[in-house]
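Each remark here refers to the structure printed beneath this line.
Any read-out appearing in this document is the output of simple, stated calculations on the displayed coordinates, not a laboratory observation. All figures in this text were calculated on a predicted structure; none of them were measured in a lab. So basically every Cβ, Gly included, is an ideal-geometry build from the backbone, and we count neighbours across all protein chains shown.
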Amino acid sequence: MTRRILVHPGFHKTGTTSLQDALADNPVLLAPHLQVIGREDMPGVCRAAKAYSETRDPADLGFFGYEVAALLEAQDMSDPRPLFITSEDLAGHLVGRRGVADYAAAPDLAGVVASVVRQVAGTGAALSFLVTTRRHGWLKSCYWQLLLRDRLCLDEADFKARHRGAADLGSAAEAMRRAVAPCPLVHRALEDMTGPLGPLDPVFDLLDLPGPLRARLTPPRRRNTKGGPKLRARMLAVNRSDMSDQDALVRRRRMLRRWRARHGLE
């Protein structure tokens with residue numbers, strides 16, 4: 001039996017959290033039809049991918065391959081269910097974090113995944129890739145996440161100017177397509193995933209999961225955590241202050257909780 005494996009390596013801020021939330025919210029319904037491996041199930045793989053995106057050291061890429069092989073060797077390839085592997089960390093760090101300027105490492109990482117699957121599973125697996133992209137608002141979303149979770153000190157205009165080239169996610173996905181050939185890779189823009197399950201719909205399509213199952217699933221949660229310009233300005237001021245990193249993180253989180261409470265989002 002040929003086991004189908006679908007790998008979803010991001011990109012960040014393209015509906016990945018909504019997709020993963022939908023999987024987590026429907027485990028009982030999905031379990032008979034799909035095996036899911038997420039970020040929490042492969043911490044070593046994710047750490048190695050991010051390390052390579054930061055260093056671009058061939059030794060780190062080799063270690064990433066080792067971690068992927070260990071993950072796959074632990075799986076039962078005779079399981080008839082499709083295997084879905086999902087984490088945006090498989091593309092490396094979020095652009096703007098730890099000095100990573102773009103997704104130039106992502107094709108190398110995807111190519112290693114394709115190579116390792118062929119080595120470990122041989123002809124017993126049918127591998128494909130799903131890459132989610134975004135045409136509008138991507139840099140703004142990245143900026144907000146980095147402002148909140150990291151100590152980003154750039155203002156939004158400077159951040160966008162610095163990483164403008166990285167926003168061409170379609171081109172990055174095409175580079176990944178070339179790297180994994182002859183394995184198929186499809187990419188879907190967030191703006192086009194308008195079905196009832198949003199970013200989870202392409203997974204159903206690509207893995208031929210039962211159609212009636214879609215109507216039974218709890219749809220992805222809609223998240224609205226982005227603050228307005230005043231909140232972003234206040235967080236930027238915290239990041240530029242002389243308080244410790246830990247104190248700044250606590251302050252930013254407190255500010256976000258208060259903002260969400262005021263807007264009825266808690």
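Some points to look at:
- Signed unit charges on C-beta, dipole axis of the chain, positive-most listed residue M42, A24, A104: A24
- Ranking of E88, E40, E156 by count of other Cβ atoms within 10 Å, fewest first: E40, E156, E88
- Full extension of the segment from A189 to K140, taken as 0.36 nm per residue of separation minus the current Cα-Cα distance, would add 16.0 nm.
- Cα gyration tensor, the stretch 3-216 - rounded (a/c under 1.5), prolate or oblate: oblate
- CD proxy at 222 nm, helix term only [per DSSP H run n ≥ 4: -39500 (n - 2.57); per residue of the chain; nearest 500]: -15000 deg cm²/dmol
- Between 0 and 90°, nearest 10: helix 58-73 axis offset from the chain longest Cα axis: 50 degrees
- Fewest-first sequence of T16, T55 by Cβ atoms within 10 Å of each Cβ: T55, T16
- Taking the C-alpha atoms only, the angle from helix 43-55 to the longest principal axis of the chain is near 60 degrees.
- Global form of the stretch 55-117, assessed from the alpha-carbon gyration tensor, a/c cut-off 1.5: prolate
- Nearby aspartates and glutamates by direct alpha-carbon distance to K50 (threshold 17 angstrom, same-chain neighbours under 8 apart not counted): E40, D41, D60, E67, E88, D89, D102, D108, D150
- Amide H contacts under 5 Å for R135, placed H, 5+ residues apart: L190, E191
- Antiparallel bridge percentage (DSSP; both residues within the stretch 3-216; nearest 5): 0 percent
- When the Cα gyration tensor is reduced to axis lengths a ≥ b ≥ c, the ratio a/c is 1.5 or higher for the stretch 141-266, and with a/b not above b/c it is classed as oblate.
- Cα long-axis angle, helix 138-149 against the chain (0 to 90 degrees, to the nearest 10): 70 degrees
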